[in-house]
1. To the nearest 20 debye, what is the magnitude of the charge dipole of region 87-129 about its Cα centre, counting +1 on the Cβ of each Lys and Arg and -1 on the Cβ of each Asp and Glu?
2. Can you sort 232, 247 by solvent-accessible area, 1.4 Å probe, largest first?
3. Show 299, 55, 48 ordered by accessible area, largest first, where the area counts protein heavy atoms only and the probe is 1.4 Å.
4. Work through the residues other than residue 314 whose Cβ is under 15 Å from its Cβ and net out their charges, Lys, Arg +1 and Asp, Glu -1.
5. With θ taken as phi - 60° and the coefficients 6.51, -1.76 and 1.60, list the Karplus ³J(HN,Hα) couplings across region 346-362 in order, rounded to whole Hz; mark glycine and proline as x.
6. Just to confirm a number: summing +1 for Lys and Arg and -1 for Asp and Glu over residues other than residue 392 whose beta-carbon lies under 9 angstrom from that of residue 392, what do you get?
7. Collect residues whose amide H, placed 1.01 Å from N in the peptide plane, falls under 5 Å from the amide H of residue 138; neighbours closer than 5 in sequence don't count.
8. What net charge is computed for the residues neighbouring residue 331, neighbours being all others with C-beta under 14 Å from the C-beta of residue 331, Lys and Arg scored +1, Asp and Glu -1?
Amino acid sequence: MNRNGLLLCLISSLALAACHASEGPAGSSSSRSTAAKDAHGRATSPDHEADDAAHFLAGIPGREGSPYKALETQQAWIDHAKQMDEAWARFEKRRKVGMAAFQKSELTGAPVDGSPIWYPFSGGDALTMLTFFPGHTTYVMAALEPPGRVPKAAQLEQLDLAKELPLIANTLSSLLGKSFFVTREMDRQLRGQVTDGVAEPMLIILARMGYQINNHKYVQLDESGKLIPRTLEEKRAAFGKNRGLVLEIQRDGEDPATLTYISLNLDDAHMKDNQPFKTYVAGLGKSCTLLKSTSYMMHSDGFKAIRQMVLDDSALIVQDDSGVPWKYFTQDEWQVQLYGDYVSPFGRDFQFRTQKDLRAAYEENRKSVKPLNFRMGYGAGKVESNLQVARRK
């Protein structure tokens, strides 16, 4: 290439970089992924319907040609974007820095690297999962809340955005501030009252974390435990066993990933006849499993099946004290590292779930207990948080 050609190439490259930079500050959570590539290094195209909706709901300016561009000029959206910026900045300052440092120091190497990630009792909390386990290619979330639907611009145009956008933003307030979705809040927000499921909060999380959405599919498990397409239900927020949403996502510098959310009841009464879900989870292989703020479900005799699935199908478990009870981590099968501190469950509601053996383990292993430099789980910010990382021997 001659000097003139080289100069022209350089000018074109700088112009393209400037165009990309205009979509958001470089390296910020608002920066839109513009160079996502598949596993073979080929550029992938975003699913504009889902990707555009994610950016609009997240308060991030959309691409030119987005059907939401006109809506972005409304004062309601401008106020919403400011509210989302402020909420996300508080999360990043107060919790994300510590969580990211924990991930780098504690959740790398075998068996974490390359493993599928499984998150029972997740609600729509893609935030904690993707912060603790970035760069994986398979993510599976499972909870009672409906999967919901990706909204369309035409639907949002009909809403009073000054009223609706603050309600949508508020669906994430507990997760960003307390680290978990509050069950009673989900009951009055994610079942048709504000959104028709977890889709919209998850879209916001993905956009804010810098993910591009390349595709979305509405799915269900067939009798053999395989994901198959499903038609959208007519009734918003309708319940239905093993209905789900698949989001194909990607972030700059990472391989494409599949995030699958499956809606079901995880108690024994429902799990006894749910062989498709058991087959599906077993088919993932040995996973890294995340358990947090589960309302101590697996401490109950009514959740034996899911507890055993976690113990059988996990190579590693990251949890707070609401996850698998301490007594099930036998020394011949598991090596467990303790973090933070544990005395008893926070508040009066779960005091009857106090684990004396877990408290004794913290006392006996005090010299090897590692600090936890971020808030997590019930009582976050009011009492010291705790985590346990159990690795199968």
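The values are calculated or read from the model by the stated rules, or taken from the named source; none is laboratory data. Keep in mind that this is a model prediction, so the values were computed, not measured. Here the Cβ positions follow ideal geometry from the backbone for every residue, glycine too, while neighbour counts run over all protein chains shown. Just so you know, the surface numbers come from the protein's heavy atoms only, side chains and all, with ligands and any DNA or RNA stripped out. Shrake-Rupley method; radii C 1.70, N 1.55, O 1.52, S 1.80 Å.
1. Working: 6 positive and 4 negative charges, 68 e Å.
Charge dipole, region 87-129, about its Cα centre: 320 debye, nearest 20.
2. Accessible-area ranking of 232, 247, largest first: 232, 247.
3. Order by accessible area, largest first: 48, 299, 55.
4. In short, +4.
5. 6, x, 7, 4, 10, 4, 6, 9, 4, 10, 5, 6, 5, 4, 5, 5, 5
6. Result for the local shell: +2.
7. Those lying under 5 Å, H to H, from residue 138 are 117, 258.
8. Taking every other residue near residue 331 into account, the sum is 0.
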